[in-house]
Amino acid sequence: MPEKIRVCPVCGNPLPGGMTGLCPSCRKWEESALPPPHKNVHAAVVLSFFFPGFGQVYNGQYKKGLLVLVATISGLYLFLVPGLVILCAGVYDAYRTALRQNAGTLPFSEMHLYHVVLYVLIFILVCFGAMSVSSVFMMQ
């Protein structure tokens with residue numbers, strides 16, 4: 001996704017480094033025409049609750065999202081309580097990360113389509129793997 005260039009709303013010239021404030025061309029003190037990027041905190045929470053780790057992928061932290069996914073499914077498969085604890089921790093982490101990105105205390109990270117596709121593939125593999133292992137134990 002191409003980087004958005006901030007421009008002066010008065011003269012339309014690009015602002016150096018995406019800054020806001022004093023335009024070097026027209027010398028007007030104005031805010032930039034583009035708003036800062038924003039994450040939907042509620043979307044991060046809901047995605048992370050229904051699809052463990054997807055809230056992290058939404059926040060641009062795909063490695064953490066895949067780790068939360070595998071840990072939650074493993075915890076739910078082995079013992080119910082550890083899986084629920086990991087799920088709740090993942091939901092809270094997605095919430096806090098989205099808040100921190102919106103506040104500017106954490107660098108903003110974009111969600112990329114290939115991370116979503118990778119997450120969906122691993123989600124399917126982990127779920128089917130857990131079901132196939134449980135069917136082997138049920139047959140015995």
Can you run down the residue pairs with Cβ atoms below 9 Å, 6 or more apart or on separate chains, where the first is in the range 96-122 and part of a helix (DSSP H, G or I) and the partner is basic (Lys, Arg) and surrounded by 10 or more Cβ atoms within 10 Å (Cβ to Cβ)?
97/39; 97/64; 98/39; 99/39; 101/39; 102/39
Give the number of residues within the range 71-98 that are closer than 22 Å to residue 135 by Cα and either touching a strand residue (DSSP E or B) at 6+ places or on another chain (Cβ under 9 Å) or polar (S, T, N, Q) (or both).
2
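Counting only residues that are in a helix (DSSP H, G or I) and either more than 16 Å from residue 108 (Cβ to Cβ) or among the basic types (Lys, Arg) (or both), how many does the range 50-67 have?
Of the residues in that region, 7 qualify.
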Tell me the residue from 126, 91, 46 that is modelled with pLDDT under 95, among the β-branched types (Val, Ile, Thr) and over 30 Å from residue 12 (Cβ atoms), please.
126
By residue number, the members of the range 40-49 that are surrounded by fewer than 17 Cβ atoms within 10 Å (Cβ to Cβ) and under 15 Å from residue 71 (Cα atoms) are 49
For the list (1) surrounded by 15 or more Cβ atoms within 10 Å (Cβ to Cβ); (2) polar (S, T, N, Q); (3) in contact (Cβ under 8 Å) with a residue 24 or more places away in the chain, I need the number of the one condition that residue 72 fails.
(3)
Checking the conditions here, which among 135, 109 is within 15 Å of residue 62 (Cα to Cα) and either surrounded by fewer than 11 Cβ atoms within 10 Å (Cβ to Cβ) or of a type in the set (S, T, N, Q) (or both)?
109
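The values are calculated or read from the model by the stated rules, or taken from the named source; none is laboratory data. Treat the numbers as computed from the prediction; the structure is a model and nothing was measured. Here the Cβ is made from the backbone with ideal geometry for all residues, glycine too, and neighbour counts use every protein chain on show.
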